[in-house]
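Asks: A single structure is presented below for examination.
The values are calculated or read from the model by the stated rules, or taken from the named source; none is laboratory data. Worth saying up front: this structure is predicted, and the values here are computed from it rather than measured. Heads up, the Cβs are rebuilt from the backbone with ideal geometry, glycines too, and the neighbour counts pull from every protein chain shown. Accessible surface areas use protein heavy atoms only, side chains included; no ligands, DNA or RNA. Shrake-Rupley method; radii C 1.70, N 1.55, O 1.52, S 1.80 Å.
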Amino acid sequence: MSDFRMPEPVDGSVLIDVDTAGLGGWDVLGAYRLDVEFPCVIRGEGVGRAPNGRRVYFGERSLIPFGAWAERTIVPVAEVWDVPDNVDDKLAITMAIAGIGALVPLESAKVQSGESVLVLGATGTIGQLALQMARLMGAGRVVAASRSEAALARLTERGIADDIVVMGRGDDVAALKEAAGEGFDVVFDLVCGPPMQAALKATRWGARIVTVGTGAGREININAGDLLFRMLTVVGTGQRPPADREAIWRRLLAMAREHRIEVDYADYDFNDIGAAWAAQQAGVHAKITARVRG
């Protein structure tokens with residue numbers, strides 16, 4: 001961590017004094033795959049104060065090379081959203097990129113009352129949210145799958161998952177089929193690769209599979225027979241217009257308060273960004289945040 005130049009006013013953007021910064025998988029992905037100017041501030045997302053004193057949320061779209069993990073950042077006006085007084089910083093951050101990433105795919109899958117839903121990669125922030133949202137949509141049974149037995153156990157302890165499947169310990173297809181009963185109706189896939197291929201074989205006819213992540217691989221070799229009588233949908237949430245994302249975010253804030261949606265957090269000291277970054281790269285089973293000021 002070192003000093004970096006302060007951003008200066010730019011037409012169409014807002015200077016924000018950052019209070020709380022968040023870190024997620026997209027930040028790590030973007031650092032390696034996007035056209036990023038170095039040196040730079042980790043982009044992230046966060047909550048802070050606009051020049052007029054408004055308390056605002058801002059997403060990962062800080063103007064390059066600035067970002068959330070600094071005392072001040074600069075963000076396009078459309079990406080700066082007022083935070084309700086009854087919403088704390090961490091909830092505002094969690095229900096934006098991660099919350100939208102969970103809700104939009106599940107709504108596209110049209111979860112029906114009593115259906116069985118499998119979440120692959122369930123122990124991360126989006127996975128934890130997806131399990132709870134699927135239940136709110138009427139799912140009769142929600143099953144969490146991941147490689148971390150300890151993190152999966154925590155989901156059952158909290159009552160978020162009805163059953164778990166520890167992946168990578170042998171025959172994943174058999175393990176998923178055992179947990180599926182007559183077959184999963186919906187698969188919410190956060191990892192792609194071999195786990196998604198295995199999950200296809202544990203679905204019933206008419207199942208919907210939404211795939212929104214690539215943590216286990218970016219390529220899949222699917223037999224056409226595995227797709228017969230199923231529907232595979234690829235859902236991207238980040239390209240919706242800012243106004244649409246803000247409206248979804250406000251719906252999510254209301255849902256979270258009404259239904260007490262929760263996730264695990266990993267809170268870091270702002271000066272310990274190196275450890276926070278390493279944890280995110282390793283696949284932390286929590287939402288990373290850091291208090292920048294206050």
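Asks: Determine which aspartates and glutamates satisfy two conditions relative to Lys287: a Cα distance under 12 Å, and not lying fewer than 8 residues away in the same chain.
Replies: Result set, ordered by chain and number: Glu45, Glu262, Asp264, Asp267.
Asks: Here's something else I'd like to know. Provide the per-residue ³J(HN,Hα) series for region 185-191, in order, calculated from phi with Karplus coefficients 6.51, -1.76, 1.60 and θ = phi - 60°, each as a whole number of Hz, with x at glycine and proline positions.
Replies: Going residue by residue, I get 8, 9, 10, 9, 9, 9, 10 Hz, with x marking Gly and Pro.
Asks: If you put +1 on each Lys and Arg Cβ and -1 on each Asp and Glu Cβ, how big is the dipole of the chain around its Cα centre, in Debye rounded to 20? Mind dumping the intermediate values first?
Replies: Values: 31 positive and 38 negative charges, 101 e Å.
Computed about the Cα centre, the dipole is about 480 debye.
Asks: Before I look further, what does region 185-294 give for accessible area per residue, probe 1.4 Å, in whole square angstrom?
Replies: 52 Å²
Asks: Mind running the shape call on region 149-249? Use the C-alpha gyration tensor, a ≥ b ≥ c as the square roots of the eigenvalues: rounded below 1.5 for a/c, prolate if a/b tops b/c, oblate otherwise. Display every interim value, and only then the final one.
Replies: Values: a/c = 1.74, a/b = 1.22, b/c = 1.43.
Because a/c hits 1.5 or more and a/b fails to exceed b/c, region 149-249 counts as oblate.
Asks: Now, a different point. Check every DSSP H run in the chain and write down those whose alpha carbon atoms cover 18 angstrom or more along the long axis and whose mean Kyte-Doolittle hydropathy is 1.0 or greater.
Replies: Details: long enough: 97-109 (19 Å, 1.50); 242-259 (25 Å, -0.72).
For the chain, where a helix must reach 18 Å along its axis and average at least 1.0, the hits are 97-109.
Asks: As an exercise, use a Förster radius of 41 Å and the Cβ-Cβ distance of Asp3 and Trp205 to find the FRET efficiency, rounded to the nearest 0.05.
Replies: Working: r = 60 Å, r/R0 = 1.46.
So the FRET efficiency works out to roughly 0.10.
Asks: Please report the base-10 log of the normalised intensity I(q)/I(0) for region 73-177, using a Debye sum with one equal scatterer per alpha carbon and no solvent, at each q in 0.11, 0.14, 0.19, 0.24 (1/Å).
Replies: So the normalised log intensities are -0.41, -0.62, -0.97, -1.28.
Asks: In the P(r) worked out for region 142-187, what percent of Cα pairs fall beyond 11 Å?
Replies: 64 percent
Asks: Please report, in whole Å³, the volume per residue of the convex hull around the C-alpha atoms of the chain. Kindly include the intermediate steps, with their values, before the conclusion.
Replies: Working: hull volume 38.4 nm³, N = 294.
Looking at the chain, the number lands at 131 Å³ per residue.
Asks: Under the 0.36 nm per residue contour assumption, what length would be gained going from the current alpha-carbon distance of Arg230 and Glu157 to full extension? Before the final figure, lay out the partial values.
Replies: Working: separation 73, 0.36 × 73 = 26.28 nm, distance 3.23 nm.
Contour length minus the Cα-Cα distance gives 23.0 nm.
Asks: Sticking with this structure for a sec: Which lysines, if any, have their Cα less than 24 Å from the Cα of Lys177, not counting same-chain residues under 8 positions apart?
Replies: Lys110, Lys201
Asks: How large a share of the accessible area of region 129-190, in percent, is made up of carbon and sulfur atoms when the probe is 1.4 Å and the other protein chains stay in place?
Replies: On the way: 1110 of 2540 Å².
Exposed carbon and sulfur together represent 44 percent of the surface.
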